[in-house]
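Trainee: Sending over a structure as structure tokens; questions will come in a sec.
The values are calculated or read from the model by the stated rules, or taken from the named source; none is laboratory data. Values in this document were obtained by computation on a predicted structure and should not be read as measured data. Ideal geometry is used to build each Cβ from the backbone, glycine not excepted, and the neighbour counts take in all protein chains shown.
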């Protein structure tokens, strides 16, 4: 029962969070916007929008960078193994 | 009074979002039905719909008791996470970092799994029923969430429900007519568009929940969506540049 509930919760969380870094950036933008909205509503909106766009861009570029360095590492290992 | 101008973004967002989910659910139910027969697949799908209706009946009335601002904030943040997740994946697929989500592959994988004679019980085919149940319940939950998110905080629940219902009926009608996987729909393009719309709605409602007075009120949504589109396309171009990825 507990296992089923845990799996259900995991699947439910999976609807919203796939890339942990993206989720952290998005929630960080919301928190920053909440603080900025204390100064002015419009500032809060600007921070939220800019933060979300930045989060999207940075998480995609970060993922691409990670994949690319993984590929380079794989090719390097292949070359090393071929050289032996 | 709800004008068409106000209702249209909600209807189209719910329609597009539900379209994607319905394609996924119907593909799995079709695969199950083709291999194991319509009876078990149908029972599973109907049970999934029943469970979904029960959840909506339980959760629906609770929404009316919650004050608007916290509701907008919670739904906005969830929608933002949900939409950004879709958009993020659609961009990664567009640049070739993760493979395209091919309905034909899902159909074939599901069919191959279910053809395994080791999984063939005599009466009600539990695996077939469960596969259909799970697909309809999970994808249906996503549709319900989209409808609630798009419609609840602005009193557009009816319009959003209509949009989602139209999408589900359209996909069921297409599936019934062709009875083949729906691989020809450009799923990633659809997900990209839905991701942009949901993210825009998410930013808008999160902002409303935080007390942001958006310039132009609801008309700010197309502007926010346009900004998401621009940044998404620019990110795709940036990641696709051969020089950039080679340097990493």
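Trainee: Would a scan of region A:54-70 turn up a residue that is closer than 25 Å to residue B:86 by Cβ, at pLDDT below 75 and either in contact with a strand residue (DSSP E or B) (Cβ under 7 Å, 6 or more places away or on another chain) or loosely packed, with under 13 Cβ neighbours inside 10 Å (or both)?
Mentor: yes
Trainee: Please enumerate the residues belonging to region B:220-242 that are more than 18 Å from residue B:194 (Cα to Cα) and in contact (Cβ under 8 Å) with a residue 40 or more places away in the chain.
Mentor: B:239, B:240
Trainee: Return yes when residue B:202 is in contact with a helix residue (DSSP H, G or I) (Cβ under 8 Å, 6 or more places away or on another chain) and modelled with pLDDT of 85 or more and no when it is not. First the steps, then the outcome.
Mentor: Values: in contact with a helix residue (DSSP H, G or I) (Cβ under 8 Å, 6 or more places away or on another chain): yes; modelled with pLDDT of 85 or more: yes.
Judged against the criteria, residue B:202 is a match.
Trainee: Just to be sure before I move on: is residue A:51 surrounded by 18 or more Cβ atoms within 10 Å (Cβ to Cβ) and at pLDDT 75 or above in the structure I sent?
Mentor: Yes, satisfied.
For (1) under 30 Å from residue B:215 (Cα atoms); (2) at the interface with chain B (Cβ under 9 Å from one of its Cβ atoms); (3) in contact with a strand residue (DSSP E or B) (Cβ under 6 Å, 6 or more places away or on another chain); (4) modelled with pLDDT of 75 or more, each residue gets a yes or a no:
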site: A:9; (1), (2), (3), (4): no, no, no, no
site: A:18; (1), (2), (3), (4): no, yes, no, yes
site: A:24; (1), (2), (3), (4): yes, no, no, yes
site: A:27; (1), (2), (3), (4): yes, yes, no, yes
site: A:32; (1), (2), (3), (4): yes, no, no, yes
site: A:37; (1), (2), (3), (4): yes, yes, no, yes
site: A:43; (1), (2), (3), (4): yes, yes, no, yes
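Trainee: Across region B:176-193, which residue is nearest to residue B:224 (Cα to Cα) among those that are at pLDDT below 75 and assigned to a helix (DSSP H, G or I)?
Mentor: Initially, region B:176-193 is screened for residues at pLDDT below 75, giving B:178-187, B:190.
Okay, now just the ones that are also assigned to a helix (DSSP H, G or I), so B:178, B:187, B:190.
Values: B:178: 38, B:187: 23, B:190: 18 Å.
Step by step, filter region B:176-193, then rank; the result is B:190.
Trainee: Residue under question is residue B:162, and the condition is that it be farther than 23 Å from residue B:218 by Cα and either modelled with pLDDT of 70 or more or within 14 Å of chain A (Cβ to nearest Cβ) (or both); does it hold?
Mentor: Details: farther than 23 Å from residue B:218 by Cα: no; either modelled with pLDDT of 70 or more or within 14 Å of chain A (Cβ to nearest Cβ) (or both): yes.
Spelling it out, it is not the case that residue B:162 is farther than 23 Å from residue B:218 by Cα and either modelled with pLDDT of 70 or more or within 14 Å of chain A (Cβ to nearest Cβ) (or both).
Trainee: Any idea which of A:29, A:37 is surrounded by 13 or more Cβ atoms within 10 Å (Cβ to Cβ), within 17 Å of residue B:83 (Cβ to Cβ) and without any contact (Cβ under 8 Å) to a residue 60 or more places away in the chain? Show your work before the answer.
Mentor: Details: A:37 fails: within 17 Å of residue B:83 (Cβ to Cβ).
That would be A:29, the only listed residue that is surrounded by 13 or more Cβ atoms within 10 Å (Cβ to Cβ), within 17 Å of residue B:83 (Cβ to Cβ) and without any contact (Cβ under 8 Å) to a residue 60 or more places away in the chain.
Trainee: Suppose the filter is modelled with pLDDT of 85 or more, surrounded by 15 or more Cβ atoms within 10 Å (Cβ to Cβ) and closer than 17 Å to residue B:95 by Cβ; does residue B:239 pass it? First the steps, then the outcome.
Mentor: Details: modelled with pLDDT of 85 or more: yes; surrounded by 15 or more Cβ atoms within 10 Å (Cβ to Cβ): yes; closer than 17 Å to residue B:95 by Cβ: yes.
Yes: the conditions hold for residue B:239.
Trainee: OK, next. Can we say residue B:146 is within 14 Å of chain A (Cβ to nearest Cβ), at pLDDT 75 or above and part of a loop (DSSP other than H, G, I, E, B)?
Mentor: On the way: within 14 Å of chain A (Cβ to nearest Cβ): yes; at pLDDT 75 or above: yes; part of a loop (DSSP other than H, G, I, E, B): no.
When the stated conditions are applied, residue B:146 does not pass them.
Trainee: Does residue B:58 qualify as being at pLDDT 75 or above, more than 15 Å from the chain's Cα centre (by Cα) and closer than 26 Å to residue B:236 by Cα?
Mentor: Values: at pLDDT 75 or above: yes; more than 15 Å from the chain's Cα centre (by Cα): yes; closer than 26 Å to residue B:236 by Cα: no.
Spelling it out, it is not the case that residue B:58 is at pLDDT 75 or above, more than 15 Å from the chain's Cα centre (by Cα) and closer than 26 Å to residue B:236 by Cα.
Trainee: So residue B:196 ticks every box in (1) modelled with pLDDT of 85 or more; (2) over 21 Å from residue B:100 (Cβ atoms); (3) surrounded by 20 or more Cβ atoms within 10 Å (Cβ to Cβ); (4) within 12 Å of chain A (Cβ to nearest Cβ) but one. Which box is left unticked?
Mentor: In the conditions (1) modelled with pLDDT of 85 or more; (2) over 21 Å from residue B:100 (Cβ atoms); (3) surrounded by 20 or more Cβ atoms within 10 Å (Cβ to Cβ); (4) within 12 Å of chain A (Cβ to nearest Cβ), residue B:196 misses (2) alone.
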